[in-house]
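Readers should treat all values here as calculations from the given coordinates under stated rules, not as data from a laboratory. Since this is a predicted model, take the numbers as computed values, not measurements. In this analysis, Cβ positions are derived from the backbone assuming ideal geometry, glycine residues included, and neighbour counts consider all displayed protein chains.
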Amino acid sequence: MLHEAKNLVTPLGFFMPVFADAHTAAQFAIGVVIYDLMAPKWKHSKFSREELLKKCPQLRPDKLESGFLYYDAEMDDAHLVHHILREGVSAGGTAINYVKAEKLLRAADGRVCGAVLSDASGESSRTAEVKAKVVINAAGPWSDDLRKQIGATPRIRPLRGSHIIFNRERLPIPHAVTLLHPRDHRAMFAIPWEGTTMIGTTDLDHKATPGANEPYALADEIDYILEAGNATFADPKLSRADIISSFAGLRPIISSGANIDPSKESRAHVVWEEEGLITVTGGKLTTFRIMAEQALNLAAAHLPGKPDFSKRVRYFDALPKVEAPSGMNAADLAYLMGRYGKETSDLFDLAQPGELDHIGALPNVWAELRFAARSEGVQHLDDLLLRRVRLGMLLPEGAQAQMSRIRAIVQPELGWDDGRWQLEEKRYLKIYQAYYSPAPTGQEN
């Protein structure tokens, strides 16, 4: 992915500090070697206490004995998914936003042969029956909701992972840092992320809160993450007042059926077919390519000509040559090219004066808002600020201080009158407070 998704997936160093624990030091030493052998690469280092503090002065000096540095990668997950969708559409596919699969259709022999779809945007109550030679269930944590329509036994154990985000200035770590929680020694990470610093993740069984439409970080999880951060980083201690946002996601883990710790469940993916419905679930975002190949190869038996999807192909179009606008440096161009690919030139053409400036200290530029509003299927303001450009997670108070400029850029692009804007802003702020704020409530009221 580092090669195919250049500038979208980028190398990232990971420090592994050792705090007065010979057993941990030995585990880390073995771990970085095994990791590099599996990659395969050979890019890790060991540092003395003094060397590590010089490279990462944010670490607690007391009990710090030594540390390691190895290299992995980071990505903008939202843009990666959206990038794949847009290139798929460009190649002839169809992607429809805000559509819910209400009911599976069955043929005379009982096999799944399509679905009843409904408009979930809130703007209409339209439904449609769509027939297909093959139906793939890639609904992640909600896969069992579809499978129960064919009487299948549940297989998914949804696990919640929560994160908290800090201003970069509050925790300006030069690389990611591995944290071992002082209570249970679970590994967590502090990561430089999109102009901020993020710490996570938890790993808990998810029980939906009544009335909540999204997962969110519970108060105990936030305290747990702060405890891990303060066990690793020097004073002043991180506190709830330092948090600018939080978020949680669900992992569609295949249940072992055993009553084991969530972190011990396998992260492997599984692809299977039952009554004509192909389900692909489990796995990680980083294994999406092999998951897609296996699901498509299982579907191939139902398609004309039985196509072979196992042949290795690029998953991202090669980046074109794009000339940077006047005043833009190479790093900023690379950032935008990684996220927008061949559409980067379109973004530059749309930009109004001043819209290629950074949004505060973030790597984002204002023109990304205009491009997303015009071209990226935005139906609601929360789509834009939480799932496209994500300023609601990267700036304090959900970017309320920037809302007047955001409105000036995107309201004309979306064709909303003032009444619609006010409704959308009110909706967005309810969602932010309920699921993404430093103290989410889970209630949109």
Margin query: Bins of 10 Å, beginning at zero and ending with the bin holding the largest distance: percent of Cα pairs per bin for segment 280-330, please.
Written below: 19, 32, 22, 16, 11, 1
Note to self: Output needed: percent of Cα pairs per 10 Å distance bin for segment 167-238, bins running from 0 to the one holding the longest distance.
What the structure shows: 18, 47, 27, 8, 0
Next item on the list: Could you compute the FRET efficiency for LYS237 and THR209, with r as their C-beta to C-beta distance and R0 at 25 Å, rounded to 0.05?
Entry: 0.30
Check: In the neighborhood of THR279, defined by Cβ-to-Cβ distances under 15 Å, what is the net charge if each Lys or Arg adds +1 and each Asp or Glu adds -1?
Finding: 0
Margin query: Amide H of VAL135 versus every other amide H placed in the peptide plane: which residues, excluding those fewer than 5 positions away on the same chain, fall under 5 Å?
Written below: ILE278
Item checked: ³J(HN,Hα), Karplus 6.51/-1.76/1.60, whole Hz, each residue of segment 281-297, x for Gly, Pro -> 7, x, x, 9, 4, 6, 10, 5, 5, 5, 4, 5, 4, 5, 5, 5, 5
Note to self: Greater than 27 Å separation of Cα atoms is the criterion. Which listed pairs, LYS100/LYS207; LYS100/LYS430; LYS100/LYS306; LYS100/LYS426, meet it?
What the structure shows: LYS100/LYS306
Next item on the list: Mind giving me the nanometre distance, one decimal, between the label points for GLU65 and MET1, set 7 Å out from Cα along Cα→Cβ?
Entry: 3.4
Notebook entry, point to check: Per the Kirkwood treatment, what hydrodynamic radius in Å, one decimal, follows for the chain from the mean inverse distance over all distinct Cα pairs?
Noted result: 24.1
Check: How much length, in nm to one decimal, is gained on full extension between LEU303 and GLN443, taken as 0.36 nm per residue of separation minus their Cα-Cα distance?
Finding: 45.9 nm
Margin query: Which order do the peptides 210-220, 369-379, 92-102 come out in when sorted by mean C-beta neighbours inside 10 angstrom, highest first?
Written below: 369-379, 210-220, 92-102
Check: For labels at GLU129 and ARG267 in the simple 7 Å Cα→Cβ model, what's the distance in nm?
Finding: 4.3
Check: Which percent of Cα-Cα pairs in segment 330-436 sits in each 5 Å bin, short to long?
Finding: 2, 12, 25, 25, 20, 11, 5, 1, 0
Margin query: In whole Hz and in residue order, list the ³J(HN,Hα) couplings for segment 129-143 that follow from phi through the Karplus curve 6.51 cos²θ - 1.76 cosθ + 1.60, θ = phi - 60°; x for Gly and Pro.
Written below: 8, 10, 8, 8, 6, 8, 10, 10, 8, 10, 8, x, x, 9, 4
Check: What is the packing order of peptides 2-12, 333-343, taking the mean over residues of other C-beta atoms within 10 Å and listing the highest first?
Finding: 333-343, 2-12
Check: Order of 228-235, 189-196, 254-261 by packing, highest average Cβ count within 10 Å first?
Finding: 189-196, 228-235, 254-261
Item checked: Fully extended contour minus Cα-Cα distance, from ILE290 to ALA408, at 0.36 nm per residue -> 38.2 nm
